[in-house]
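Take this structure first; my questions come after.
Bear in mind these aren't lab numbers, they're just calculated from the coordinates by the rules spelled out. It should be emphasised that the depicted structure is a prediction, and the values quoted were computed from it without experimental measurement. Don't worry about glycine lacking a Cβ; one is built from the backbone with ideal geometry, like all the others, and counts go over all protein chains shown.
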Amino acid sequence: MSHHQNTNSNQPLDAVIEPAKPPPSWRELIDNPWIMILVLFFVTAALGLPFLWMSRGFSTFWKIVLTIAVLLWTALVFWVFYLIMAWCWSQLEPVFRPGAS
């Protein structure tokens with residue numbers, strides 16, 4: 001006698017099918033303070049400010065503080081980008097304008 005289960009029988013399986021867990025909604029994401037701070041400073045910069053103001057994870061005071069901090073951070077990012085591009089242009093300008101300088 002074999003201990004293997006007969007796979008050809010008409011017996012129902014004992015499997016339980018559970019519904020898939022839905023992904024977090026955008027509302028849950030923007031209401032999480034840590035996710036919002038990470039997104040604001042490392043992904044969207046000032047473009048994420050509307051999401052900050054829709055978030056229920058911060059008081060009005062902290063929304064104002066974070067708005068100012070994100071605007072300053074965005075200005076710093078653009079300033080550093082400008083400095084890098086100015087340096088790159090100074091290195092490449094002789095290639096594009098051989099008679100200049």
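How much FRET efficiency would the formula 1/(1 + (r/R0)^6) give for CYS88 and LEU38, where r is the Cβ-Cβ distance and R0 is 30 Å, rounded to 0.05?
In this case the efficiency is close to 0.55.
Also: Would you please put 65-76, 86-97 in order of how densely packed they are, using the mean number of other Cβ atoms within 10 angstrom per residue and starting with the highest?
Taking the mean over residues of other Cβ atoms within 10 Å, the ranking is 65-76, 86-97.
So, with +1 on the Cβ of K and R and -1 on the Cβ of D and E, and no other charges, what is the size of the charge dipole of the chain about its Cα centre, to the nearest 20 debye?
My answer is approximately 340 debye.
Let me ask another. Okay, helix-only estimate at 222 nm for the chain: each DSSP H run of n ≥ 4 adds -39500 (n - 2.57), divide by all residues, round to 500 deg cm²/dmol; what do you get?
Roughly -17500 deg cm²/dmol at 222 nm, from the helical runs in the chain.
Let me ask you something else. Once both labels are modelled 7 Å past Cα along the beta-carbon direction, what's the VAL65-TRP79 spacing in nm?
A separation of 2.2 nm, rounded to one decimal place.
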